[in-house]
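This report concerns only the one structure given below.
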Amino acid sequence: MSPRVLSYGMGVDSTALLLELESRGKAPDLVLTADTGAEKPETYAFQELMRQWMSDHGIRYEVVRYEAKRFKNWPPYRDLTESLLTNGCLPSIAFGRSSCSLKYKAAPQEAFIKTWEPAIDAWAAGEKVIRYIGYDASPRDGQRYAHASTIDDPLFENRYPLREWGWDRAACTSRIAKAGLPVPPKSSCVFCTAMKPDEVRALPAQWLRTIVLIEARAAPRLKTVEGLWRKSTRKKPGNMTEFIRNECLLPAAEIDRIINDAPPDLIAFQERAAALPLADRMPMASWLQRFHAGNLVND
């Protein structure tokens, strides 16, 4: 039998899919989650619950991450947040693209599978790896499925059981409740354009500061969008920082300090790194640690 892999996004659809596959005796041989390092805290809490569930049911679970290998003159960075700050940009979804998902989610999963012995053996035998994907039967996922189903992949046979079963989001939610598990929150990066106002309100201060920093760092290069929410509407501004200020989620003085002081301090940190051999450069994580502690070099 061809090896079976589930791309697990830790959300409602992929969780229901995992539960039902296991109950039908078709549990995947491998479950993979690609972690951007910027999921909501409640998503990471749910991940630990499901990690234990998979362990209890004898299902192998691996978490993979995109790893940058070439840093040019930059301090080494390790995840999506640090990449955005290094390059002074917003995630591609803020410009209507989805390359951040491809780079930080799809690519590291495929890279891991290419080192997985059952996959290597299957390909050597002329077989494909079966890859389960949690697109449900809703119209929105129907659009994604319509595009994905046209791609002929020489290595993977993509299957969409939720669509075969006719399960929409409500059916997936019901399946999770039937298993006695909590329904997971929507999975997304905390600074994703898809974040709702209530989701931003629920973020801890550290992530609110990070959002302000990302927008402040990218601001000089923005010409077609206002910020992470792209364009202002009647419901919310295009700039998440403005929302955080208006909602008093952070003190106004702290927001101003981040906007005025943090980007030049970060740039100075990068310039110092550029003068050093790669092995001697402090990583971006060290600067972020000082930032969250309120200890910028130029203070």
Ala170: out of contact with any Ser or Thr (no Cβ under 8 Å at 6 or more places or on another chain), at pLDDT 95 or above and exposed (fewer than 14 other Cβ atoms within 10 Å of the Cβ), yes or no?
-> yes
Answer from Ala38, Ala45, Ala34, Ala27 - the residue that is touching a helix residue (DSSP H, G or I) at 6+ places or on another chain (Cβ under 8 Å) and farther than 27 Å from Asp121 by Cα = Ala38
Which of the residues spanning segment 11-37 are under 19 Å from the mean Cα position of the chain (by Cα) and surrounded by fewer than 21 Cβ atoms within 10 Å (Cβ to Cβ)?
-> Gly11, Asp35, Gly37
Criterion (in the same structural domain as Lys40 (by TED's automatic domain parsing) and of a type in the set (Val, Ile, Thr)) met by exactly one of Ile258, Ile151, Ile211 | Ile151
For Leu102, state whether it is within 16 Å of the chain's Cα centre (by Cα) and touching a residue at least 12 places away in the same chain (Cβ under 8 Å).
-> no
In the set Phe269, Phe243, which member is of a type in the set (Phe, Trp, Tyr) and more than 19 Å from Leu84 (Cα to Cα)?
-> Phe243
Screening Ile214, Ile258 for residues that are in contact (Cβ under 8 Å) with a residue 12 or more places away in the chain and over 23 Å from the mean Cα position of the chain (by Cα) leaves only Ile258
Would you confirm whether any residue within segment 125-137 is assigned by TED's automatic domain parsing to the domain that holds Leu18 and free of Cβ contacts under 8 Å to residues at least 12 places away in the same chain?
-> yes
Subset of segment 251-268, residues exposed (fewer than 12 other Cβ atoms within 10 Å of the Cβ), more than 15 Å from Pro220 (Cα to Cα) and out of contact with any helix residue (DSSP H, G or I) (no Cβ under 7 Å at 6 or more places or on another chain), comes to Pro251, Ala253
Selection count where residues are assigned to a loop (DSSP other than H, G, I, E, B) and more than 23 Å from the chain's Cα centre (by Cα), scope segment 169-188 = 2
Can you list the helices (runs of 4 or more DSSP H) found entirely within segment 1-106 that contain at least 1 residues being in the same structural domain as Glu157 (by TED's automatic domain parsing) and under 23 Å from Lys186 (Cα atoms)?
-> 12-23, 41-56
State which residue is nearest to Lys105 (Cα to Cα) when the search covers only segment 157-171 and only residues that are free of Cβ contacts under 8 Å to residues at least 60 places away in the same chain and in contact with a Lys or Arg (Cβ under 8 Å, 6 or more places away or on another chain).
-> Asn158
Sort out which residues of segment 250-299 are polar (S, T, N, Q) and either in contact with a strand residue (DSSP E or B) (Cβ under 8 Å, 6 or more places away or on another chain) or outside any helix (DSSP H, G or I) (or both), and write them in order of number.
-> Asn295, Asn298
Might you let me know whether segment 227-241 holds any residue that is modelled with pLDDT of 95 or more, among the aromatic types (Phe, Trp, Tyr), under 22 Å from the mean Cα position of the chain (by Cα) and surrounded by 15 or more Cβ atoms within 10 Å (Cβ to Cβ)?
-> yes
If we keep only residues of segment 111-160 that are among the hydroxyl-bearing types (Ser, Thr, Tyr), under 24 Å from the mean Cα position of the chain (by Cα) and outside any strand (DSSP E or B), then the residue surrounded by the fewest Cβ atoms within 10 Å (Cβ to Cβ) is Thr115
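The values are calculated or read from the model by the stated rules, or taken from the named source; none is laboratory data. The model shown is predicted, which means the values in this text are computed figures rather than measured ones. Note that we place each Cβ from the backbone using ideal geometry, even for glycine, and neighbour counts take in every protein chain shown.
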